[in-house]
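Here's the structure we're looking at; comments come further down.
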Amino acid sequence: LLIPGFMAADASLYPLGARLRSQSHRVFYAGIWMNADCPAKTLERLRKRIREVSLQTGRKVAIIGHSLGGIYARELARMEPNLVEQVFLLGSPVKHALGNTTPYMRPLVAAMRFMHGRCMEDVSEPCKTCGLDLPESAPDVRETCISSKTDGIVEWRSCIEEGPKVECVEVDSS
């Protein structure tokens, strides 16, 4: 299951999906046209989607999330560990998720907060608007965090995680 990043759509992951298909993997998309909705609402839709995919395949699901999509991937793993095989986080700021961004991303985060009534204003406690709580600890499934010091959007240090089932991989990429 591929989940796009903030302000992106499933189409942003079509090249990755094509590559995975060429390696004989079954690929499913999240059904997101623009990843800018309330995080609690988005997570509930993704939770339904992962259940559909697992039911359709009869297997646990590997989830690949880009940036904000990775934050959702790990929350799905926390909510539905019996349905998730592993999560792959591509440049996902798992530490101080929405507050630890580069200057290029801050206006977009501010716009999201404006659109959703101060949603996720402080990620260190549950959201006062929608009730979503994003724990910073890793879920109890295998997790691969892929980051780049030259990302340009997400502060790379926020993409590093620790835990018994966590692997961090640094790549040279933008």
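The values are calculated or read from the model by the stated rules, or taken from the named source; none is laboratory data. Treat the numbers as computed from the prediction; the structure is a model and nothing was measured. Neighbour counts are summed over all protein chains in view; Cβ atoms, including those assigned to glycine, are modelled from backbone coordinates with ideal geometry. Just so you know, the surface numbers come from the protein's heavy atoms only, side chains and all, with ligands and any DNA or RNA stripped out. Shrake-Rupley method; radii C 1.70, N 1.55, O 1.52, S 1.80 Å.
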**OP:** Tell me which of these I50 doesn't satisfy, since it passes every other one: (1) within 19 Å of V171 (Cβ to Cβ); (2) crowded, with 23+ Cβ neighbours inside 10 Å; (3) at pLDDT 95 or above.
**Re:** (1)
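Per-residue answers, yes or no, for (1) under 14 Å from D10 (Cβ atoms); (2) in contact (Cβ under 8 Å) with a residue 40 or more places away in the chain; (3) out of contact with any helix residue (DSSP H, G or I) (no Cβ under 7 Å at 6 or more places or on another chain):
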position	(1), (2), (3)
M34	yes, no, yes
C38	no, yes, yes
K41	no, yes, yes
K48	no, no, yes
S54	no, no, yes
A62	no, yes, yes
E80	no, no, no
V84	no, yes, no
Original post:
Can you pull out the residues in the stretch 78-93 that are more than 11 Å from I3 (Cα to Cα) and surrounded by fewer than 24 Cβ atoms within 10 Å (Cβ to Cβ)?
Top reply: R78, M79, E80, P81, N82, L83, E85, Q86
Subject >> Identity of the residue in the stretch 2-14, closer than 13 Å to G31 by Cα and of a type in the set (A, V, I, L, M), that ends up modelled with the lowest pLDDT >> reply: A8
Original post:
modelled with pLDDT of 90 or more, surrounded by 21 or more Cβ atoms within 10 Å (Cβ to Cβ) and within 27 Å of S174 (Cβ to Cβ), is that true of G17?
Top reply: no
Original post:
Out of (1) in contact with a helix residue (DSSP H, G or I) (Cβ under 9 Å, 6 or more places away or on another chain); (2) modelled with pLDDT under 95; (3) open to solvent by 40 Å² or more (accessible area, probe 1.4 Å), the odd one out for Y104 is which?
Top reply: (1)
**OP:** Return the residue satisfying two criteria in turn: it lies in the stretch 157-174 and is touching a residue at least 40 places away in the same chain (Cβ under 8 Å) and surrounded by fewer than 17 Cβ atoms within 10 Å (Cβ to Cβ), and of such residues it is farthest from the chain's Cα centre (by Cα).
**Re:** R157
